[in-house]
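Some notes on the structure that comes next.
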């Protein structure tokens, strides 16, 4: 039997590689004559660098950059593949997992460290970039990343505004004259799994603000007013209408900055990664694919890893099962896209904190139950 393991990370607990290692350990306890193919997967968020490095045999770089909070420093990694392309993961520098829930405040959080990661690669002579922008803690329109690369955002007095989403409404002019010129000579592909515009009811603030710390209507209005101001100024400065660009609202508006100032191209996260790791060829002659993520629900059909994988497998009549922490509302919708079954890791009544603390143990138990069912299925008469 030939099995391919290709889960996403279980956000906040285990990377894709860690999930794969647990699954491999358990499957070998149940099957002796088995071939296992391991393919770490990500969709532009946490684990993107690891997934691409694992697929290509690239190299890691580690630098100290600014975290999402003012004065915070973090160690962030990026990858170099083929000697000339940098793979950068916004979550490494400006990710939601870098700050405690009680510290989340998109009026203050900044994408400045992401810009510093890009600059570090530029300093190394890199001019080709793959940048994953999932998992952000920010709603600053990406001005922090741009500030790190020399873009000036000026207030009514001609002074530079500060950092964070709360500064967007203060901007009166965008000055690109001192932007790092090396950016203009670079090719940048941005991978993201959302198509939200910059503003409006489906925009960055309305949809993703709450998970980043927007708790009051007042905070929402400040951020949305600032983002609309920023949208207008981008139009005035570049002639580009961000309301017409799907994904401009990704990562709290970083998608807009990447396109408007850096000339980046936005690409679907999971499809880009699957092409990059040559997934279609890897599933040839595979009997079963096991994928998964922390939560499967109705949103999983919109560009998430398990469904992206299942759709590729469905084209080749390869069976797919998913393992996840929990099943949310309308999780059964994924069955239409090629996922044959879902096994959850939660095996008793427990709070979220306990589930996260016991994530590895629970995954191992769920994998054991899943492979036992698979063995039963194999033993049944056709």
(request) In whole Å, largest first, what are the principal axis extents of the Cα atoms in region 48-270? (result) 47, 38, 32
(message) Between 0 and 90 degrees, rounded to the nearest ten: what's the tilt of helix 250-260 against the longest Cα principal axis of the chain?
(response) 60 degrees
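Looking only at Cα atoms, what is the convex hull volume of region 232-300 per residue, in Å³?
Roughly 131 Å³ of hull volume per residue.
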(message) So the label point goes 7 Å from the Cα of residue 123 along Cα→C-beta, right? Which residues of region 20-56 then have their backbone N under 18 Å from it?
(response) none
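Could you give the length gained by full extension between residue 341 and residue 232, i.e. 0.36 nm per residue of separation minus their alpha carbon distance, to one decimal place? Mind dumping the intermediate values first?
Details: separation 109, 0.36 × 109 = 39.24 nm, distance 4.65 nm.
Answer, rounded to one decimal: 34.6 nm.
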(message) What do you get for the angle between helix 305-315 and the principal long axis of the chain? Use alpha-carbon atoms, 0 to 90 degrees, nearest ten.
(response) 60 degrees
(request) Obtain the radius of gyration and the Kirkwood radius of the chain from its C-alpha atoms and give Rg over Rh. (result) 1.00
(request) Would you mind pulling out the separation of the Cα centroids of region 212-288 and region 335-376, in Å? (result) 32 Å
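May I ask you to work out the translational diffusion coefficient for region 1-84 at 4 °C, viscosity 1.567 mPa s, via Stokes-Einstein with Rh from the Kirkwood sum over Cα pairs, reported in whole µm²/s? Present the calculation step by step, with values, prior to reporting the outcome.
Details: Rh = 14.6 Å.
D, rounded to a whole number, is 88 µm²/s.
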(request) Considering only DSSP beta bridges where both residues belong to region 48-270, give the percentage that are antiparallel (nearest 5). (result) 55 percent
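Using the count of nearby Cβ atoms within 10 Å as a rough guide to exposure, how do 50, 185 rank from fewest to most?
Details: 50 22, 185 10.
Going from least to most buried by this count: 185, 50.
Starting from the alpha-carbon convex hull of region 285-382, give the projected area averaged over all orientations, in nm². Provide the component values of the computation, followed by the final result.
Numbers: hull surface 28.2 nm².
Projected over every direction and averaged, the Cα hull of region 285-382 covers 7.1 nm².
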(message) P(r) for region 131-236, please, calculated from all Cα pair distances in 5 Å bins and given in %.
(response) 2, 12, 20, 24, 20, 15, 6, 1, 0
(message) Sort 24, 178 by Cβ crowding within 10 Å, fewest neighbours at the top.
(response) 178, 24
(request) Compute the separation of the alpha-carbon centres of region 41-112 and region 123-152 and state it in Å as a whole number. (result) 10 Å
(message) Using a 7 Å offset from the Cα along the Cα-to-Cβ direction at both residue 60 and residue 368, what is the distance between the two label points in nm, to one decimal?
(response) 3.0 nm
(message) Which residues does the label zone of residue 376 cover in region 281-322, counting backbone N under 19 Å from a point 7 Å along Cα→Cβ?
(response) 320-322
(message) For region 203-266, I need the span (max minus min coordinate) of the C-alpha atoms along each principal axis, in Å, sorted largest to smallest.
(response) 34, 21, 16
(request) For residue 240 paired with residue 276, estimate the spin-label separation in nm (one decimal), with each label point 7 Å from Cα along the Cα-to-Cβ line. (result) 2.0 nm
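Provide the gained length on full extension for the span residue 356 to residue 170, in nm with one decimal, where the gain is 0.36 nm per separating residue minus the Cα-Cα distance.
Working: separation 186, 0.36 × 186 = 66.96 nm, distance 3.99 nm.
Here the segment from residue 356 to residue 170 would lengthen by 63.0 nm.
Return 337, 302, 261 ranked ascending by Cβ neighbour count within 10 Å, so the fewest neighbours appear first.
Working: 337 17, 302 10, 261 23.
With the fewest neighbours first, 337, 302, 261 line up as 302, 337, 261.
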(message) To check you understand DSSP bridge types, tell me what percent of the beta bridges within the chain (both residues inside) are antiparallel, rounded to 5.
(response) 35 percent
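Quick note: the coordinates plus some simple rules give every number you see, no bench work behind them. What you see is a predicted model; the values in this text were computed from it and never measured. Please note: Cβ atoms are built from the backbone with ideal geometry, for glycine as well, and neighbour counts cover all protein chains shown.
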